[in-house]
1. Taking amide H atoms as placed 1.01 Å from N in the peptide plane, list the residues 5 or more away in sequence, or in a different chain, whose amide H sits under 5 Å from that of residue 32.
2. Separation of region 139-162 and region 28-52 by C-alpha centroid, Å?
3. Please work out whether region 146-209 counts as rounded, prolate or oblate from its C-alpha gyration tensor, where a ≥ b ≥ c are the square roots of the eigenvalues and a/c under 1.5 means rounded, while otherwise a/b larger than b/c means prolate and anything else oblate?
4. With every atom except the alpha carbons ignored, what do you get for Rg and Dmax of the chain, in angstroms?
5. Note down the relative contact order for the chain as a percent, whole number, built from C-alpha pairs under 8 angstrom at least six residues apart.
6. Would you mind listing how long region 80-189 runs along its three principal axes, going by Cα atoms, in whole Å with the largest first?
7. Can you list the HN-Hα couplings for region 138-150, worked out from phi with the Karplus curve (6.51, -1.76, 1.60; θ = phi - 60°), rounded to whole Hz and with x for Gly and Pro?
8. Give the long-range amide H neighbours of residue 126: residues separated by 5 or more places, or on another chain, with amide H under 5 Å away, using H modelled in the peptide plane at 1.01 Å from N.
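Please treat every number below as a calculation from the coordinates, not as lab data. These figures come from a predicted structure and were not determined experimentally.
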Amino acid sequence: MLRLHDVSVEYGPHLALAPVSGAFLPGTLTAIVGANGAGKSSLLKAMVGLVPCASGHVDRGGLGPAQVGYLPQQAALDRTFPLSVGDLVGMGDWAHSGWAGAFFPRLRGRIDAALASVGMAGMAGRSIAALSVGQFQRVLFARVCLQDAPVLLLDEPFASVDASTTQVLLDLVLAWGRDGRTVIAVLHDLGMVRAHFSQTLLLAGGPVAWGATADVLPAERMPIAATTPVTPRSAP
Ligand SMILES: Nc1ncnc2c1ncn2[C@@H]1O[C@H](COP(=O)(O)OP(=O)(O)OP(=O)(O)O)[C@@H](O)[C@H]1O
C-alpha cells in the first residue's frame, strides 16, 4: 500500500502543499482533484521523487522506482528532441534495459503491442515532433504500458485531447483497474471522477477531504475553487 505520512512540498519560501497523510487503497482508482495551483502535480512529483518532501515521507510499501509508473503533464515535456515514437515507448522498459534499451530490436514486439493498445499501430517510426497533442498523449500512455507497473500516477492524462482519444485512454485506465493495478490520477472532469474513480483526494493547498468519491464529491456541484484545507482525513 502506498502511504503518505505528513507529506508537504515547498518551492523556496513558498508552501505549495501543506502536509497530507493517508493511504491509497491498492487495486483502486483514486482521483486527485482541486483548483489550479492546489498542489496536485506537486504531490505526484513528491511521490515519484521529482521534488523533495519538505516534511514527512512517502511509504511505497516496498515498491521500487520502476514499479511506480508516472505520466507527467504533457506541457512539461520537450518534444524537439530527435526521437522516434518507438524509441520513446521503448524507454518505458528502462528498469530492465537501461536508457539505451529502447533501441534494442528485442523490444520491438512489445513496443508494437503497446502502440496498438492506444490505437497507434504502425507509428513506431514516426518522429515524436510530428505528432499531434492527442497522438503524443497516446504514445506517452504506450510508454507507461511498457513499464508494466502495478502503481500508476497520471498527471492530467486527458488534458487537451479530444473525445475519441479520451475514450481510448480512459478504457486503458479502467482496464488497469480491472487488472488490480493502483491508479492515481489528477483530473479536472468531476463527471468522469464520479463515474469511474471510487476514491477521491481533494486538495486546496493541502488536504480538504480523502475518501469515497460519493462522500468527497457529492452529486450537487461543488465549488472546488472555494475549498480550503482542513485537518487531513485518511482514506479508509
Ligand atoms: N517549480 C516551481 N517553483 C515554484 N513554485 C512552483 C513550482 N511548481 C509549482 N509551484 C507552485 O506551487 C503551487 C502548486 O502548484 P501545482 O503545480 O502543484 O498545482 P496543481 O494543483 O497541479 O495546478 P494545475 O491544476 O494548474 O496543474 C502553485 O502555487 C504553483 O505556482
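1. Here 185, 186, 187, 201 satisfy the definition.
2. Taking the Cα centre of each part, region 139-162 and region 28-52 sit 15 Å apart.
3. Values: a/c = 1.72, a/b = 1.22, b/c = 1.41.
Since a/c reaches 1.5 but b/c is at least a/b, the shape of region 146-209 is classed as oblate.
4. 17.7, 53
5. On the way: 488 pairs, mean separation 64.8, N = 236.
Contact order relative to length: 27 percent.
6. Cα extents, longest axis first: 37, 30, 21 Å.
7. So the Karplus estimates, Gly and Pro as x, are 4, 5, 5, 5, 4, 5, 5, 4, 5, 5, 6, 8, x Hz.
8. Here 85, 86 satisfy the definition.
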